[in-house]
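Worksheet for the structure shown next.
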Amino acid sequence: MSSSSSTRSHSEIFEKIPVHVFATPTAAARELAAEVRQLIEYRKAEGRNAVLGLATGSTPVPFYRELIRLHREEGLSFQNVITFNLDEYYGLAPEHPESYARFMAEQLFNHIDIPNENIHIPSGQVPGNQVFVHCREYEEAIEKAGGIDLQILGIGRTGHIGFNEPGSSKESLTRRITLDRITRQDAAGDFRGEQNVPHFAITMGVGTILRGRKLALMAWGENKAGIVARAVEGSVTDTVSASFLQEHPDARFFVDQGAASELVRFKLPWLVGPASWSPAESMRAVCWLSKKLGRPVLKLVDEDYNENGLSDLLSEQGPAYQLNIRIFNRLQNTITGWPGGKPHEDDTYRPERAKPYPKQCLVFSPEPQDAVVAMAGTMERLQDQGNHVYLANLTSGSLRVSDSEADKFAGTLNELAISTDESAAWLPQKAYADEVLRILAEKGEVGEDPELLRRLKALILRGESRDAAQAIHIASSEVSFLDLPFYEKGRYRRFKTTEEDVVAVASLLRQQRPNQIYLTGHSSDPSSVSAMTFSIVMQALQQCMGEDWRSACSIWIYSGKEKPFAPHEIDMAVPMSPTQMERKQRALGRFQQLTSLEVQAPDRDRATARHYDDLGLAQYEAIECFQRWRAA
Ligand code: F6R
């Protein structure tokens, strides 16, 4: 993929906003931060202030880290900087752990030399009857500061910028807004449950944002890919607020490869220039053509290719009849009911090799529910076919467990202690339960969990995870909990991994010496738990390079819940029967705290089966799918 460049090439003709694509968010953040530095220094030389519009959320974190680095290591001063934040949850006090005021203090302001009076964040606490005045004053303050020089933006899955949800007009100004359901679902993890996410926010309007002299929108990870493409290549519409940036003379997107992946130049490269017809690219093109025309692969004819921009492919690999058969066979060969390899069979065209048998299969789950959501059926098959499945839960998942679960547990323990007898044997349990109940009462719904409470929540999830594993025939003894320190010490969006995490995973790998590894997170939002655990596992694997088991170990990636694999991305498709789907459903039911995306996993498995069916392959009830890991 190209990196940033100021000249736009022919391949970008569908893009109505300049998009700079970077190998990593850090690289993008560095470039943007360098620009901010220039602005600040330029303004300083003029004896003026630089006015920045700032965003919160996980996206700008690498950018803020770079600004802090510039301040600490290169002496960049923020004395002449004035900031205006885009938004704040309505109803939250600044000290609330999820308030944007606290976020900004922790992520940036506490670490640089910006004067306090230069910081502006909408208040989440103005009384209802003063909201209008507060918002008007916010607009006036921006104007008084001379307007925003550079506005930093993220983008929500609804296409919102700031909290301008679908329906926000191009002229809208700072105001109170009702948050969209999807936005609240996305924030559910931070607030330990959707029910705790505020319903309202105060946000700068689209009109306020568009008045900024320069706009820079950042987006990372494949879960943002669809909405980035709509904002950049779709028509300007109030259903995607970010699309209004198309009408701004100096707006740019800074994205990583995951977030860029749905842009035409990456998704359908043959439409914007000569393509290199690698096996992967021809597979992608034929699947696309079949879907576009609504016809199975084996029924595509030469004209179909010629009339849809694929004449190059045809002249290189045609005629259609031959090309179709080749692609069809490759798709066919991805399907296997034997994810661990079929023992004693010719494995030339099977996704997994036959030997060794049985295999040692190590399944990594970022949080305890993830592996069950993505591959319960496959784990069951592996186990039932004689392989040895070991499920390693990388983090405790304690941040997902609600207070009410902890309350239920402590309440039961308390009552049991009282009702059983008053003997000394129950005293420690009673004291423990009392302590948990006291913490819950004191901290209220929104306070941070002290260690004791997090520990209890982790234990609750351990029970659920073992229970779910049993539903798919995996014994409790084969389920482990690594409780990686980065998670135990951190909070959503604010995790930081260390060598300690890598060492823990490397030691498990050496103990297991797996023949197969299953994991996820390769192109997730880099601040997500799955992306962090992916990087930890990859570093641990790197440490094991050269060990005898390592070179013979196959690595399979399962997809994240936000973006299932498309057929051309699948290397192994494991079909599931209706009865297996019932068992998967049952296993999922053992978790109390599934998000709506997790609950919908069986529907996604069914949709994958339908895609295969549409391409002309056998009709299955559902399919779980995997990609072979190929190091870049
Ligand atoms: C927050 C804001 C929002 C976020 C968006 C993406 O100040 O303006 O528009 O940028 O919701 O959030 P993350 O970065 O957490 O994916």
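The values are calculated or read from the model by the stated rules, or taken from the named source; none is laboratory data. The structure displayed is predicted, hence computed values, not measured ones. Note that each Cβ is placed from the backbone with ideal geometry, even for glycine, and that neighbours are counted across all protein chains shown. Accessible surface areas use protein heavy atoms only, side chains included; no ligands, DNA or RNA. Shrake-Rupley method; radii C 1.70, N 1.55, O 1.52, S 1.80 Å.
In table form, for the structure just shown:
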| read-out | value |
| --- | --- |
| Out of 295, 252, sole residue that is in contact with a strand residue (DSSP E or B) (Cβ under 6 Å, 6 or more places away or on another chain) and of a type in the set (Lys, Arg) | 252 |
| Qualifying residues in the range 127-144 (those that are of a type in the set (A, V, I, L, M, F, W, C) and surrounded by fewer than 18 Cβ atoms within 10 Å (Cβ to Cβ)) - the one nearest to the ligand (Cβ to nearest atom) | 141 |
| Test: residue in the range 214-225 that is part of a helix (DSSP H, G or I) and basic (Lys, Arg) | yes |
| Residue ID - nearest to the chain's Cα centre (by Cα), chosen from residues in the range 554-567 that are at pLDDT 95 or above and open to solvent by 10 Å² or more (accessible area, probe 1.4 Å) | 555 |
| Members of the range 524-572 found to be of a type outside the set (A, V, I, L, M, F, W, C), under 30 Å from residue 494 (Cβ atoms) and more than 16 Å from the ligand (Cβ to nearest atom), listed by number | 533, 535, 539, 542, 543, 558, 559, 564 |
| Residue match in the range 14-21 (condition: surrounded by fewer than 22 Cβ atoms within 10 Å (Cβ to Cβ), of a type outside the set (Phe, Trp, Tyr) and farther than 28 Å from residue 493 by Cα) | yes |
| Hey, residue 162 under 24 Å from residue 50 (Cβ atoms), within 14 Å of the ligand (Cβ to nearest atom) and in a loop (DSSP other than H, G, I, E, B) or not | yes |
| Members of the range 102-126 found to be within 16 Å of the ligand (Cβ to nearest atom) and in contact (Cβ under 8 Å) with a residue 40 or more places away in the chain, listed by number | 103, 104, 106, 107, 108, 122, 123, 124 |
| The listed residue being within 13 Å of the ligand (Cβ to nearest atom) and of a type in the set (Lys, Arg), out of 176, 181, 192, 157 | 157 |
| Scope the range 83-98; condition at pLDDT 95 or above and farther than 21 Å from residue 36 by Cα; matching residues | 88, 89, 90 |
| When residues of the range 253-307 are limited to those that are among the aromatic types (Phe, Trp, Tyr) and assigned to a helix (DSSP H, G or I), the one least open to solvent (accessible area, probe 1.4 Å) | 305 |
| Subset of the range 203-229 [among the hydrophobic types (A, V, I, L, M, F, W, C), more than 11 Å from the ligand (Cβ to nearest atom) and open to solvent by less than 10 Å² (accessible area, probe 1.4 Å)] | 206, 215, 216, 225, 228 |
| Selection within the range 51-101 - within 13 Å of the ligand (Cβ to nearest atom) and in a helix (DSSP H, G or I) | 61, 62, 63, 64, 100, 101 |
| Test: residue in the range 416-426 that is free of Cβ contacts under 8 Å to residues at least 24 places away in the same chain and within 35 Å of the chain's Cα centre (by Cα) | no |
| Residue 451 being surrounded by fewer than 21 Cβ atoms within 10 Å (Cβ to Cβ), outside the structural domain of residue 492 (by TED's automatic domain parsing) and touching a residue at least 24 places away in the same chain (Cβ under 8 Å) | no |
| Condition broken by residue 181, with the remaining ones in (1) within 21 Å of the chain's Cα centre (by Cα); (2) open to solvent by less than 30 Å² (accessible area, probe 1.4 Å) satisfied | (2) |
| Test: residue in the range 57-68 that is touching a helix residue (DSSP H, G or I) at 6+ places or on another chain (Cβ under 6 Å) and over 26 Å from residue 24 (Cβ atoms) | no |
| Whichever residue in the range 313-349 is within 16 Å of residue 385 (Cα to Cα) and in contact with a helix residue (DSSP H, G or I) (Cβ under 8 Å, 6 or more places away or on another chain) and, among such residues, is most open to solvent (accessible area, probe 1.4 Å) | 338 |
| Scan of the range 308-348 for residues that are outside the structural domain of residue 287 (by TED's automatic domain parsing), of a type in the set (S, T, N, Q) and in a loop (DSSP other than H, G, I, E, B), ordered by number | 336, 348 |
| Residue in the range 502-522 that is farther than 30 Å from residue 226 by Cβ, in contact with a Gly (Cβ under 7 Å, 6 or more places away or on another chain) and open to solvent by less than 30 Å² (accessible area, probe 1.4 Å) present | yes |
| Checklist (1) in contact with a Lys or Arg (Cβ under 8 Å, 6 or more places away or on another chain); (2) open to solvent by less than 20 Å² (accessible area, probe 1.4 Å); (3) more than 19 Å from residue 556 (Cβ to Cβ) applied to residue 476, failing item | (2) |
| Filter result for the condition that a residue is under 19 Å from residue 468 (Cα atoms) and not in a helix (DSSP H, G or I), over 594, 588 | 594 |
| Residue 191 being closer than 25 Å to residue 491 by Cβ, modelled with pLDDT of 95 or more, open to solvent by less than 20 Å² (accessible area, probe 1.4 Å) and part of a loop (DSSP other than H, G, I, E, B) | no |
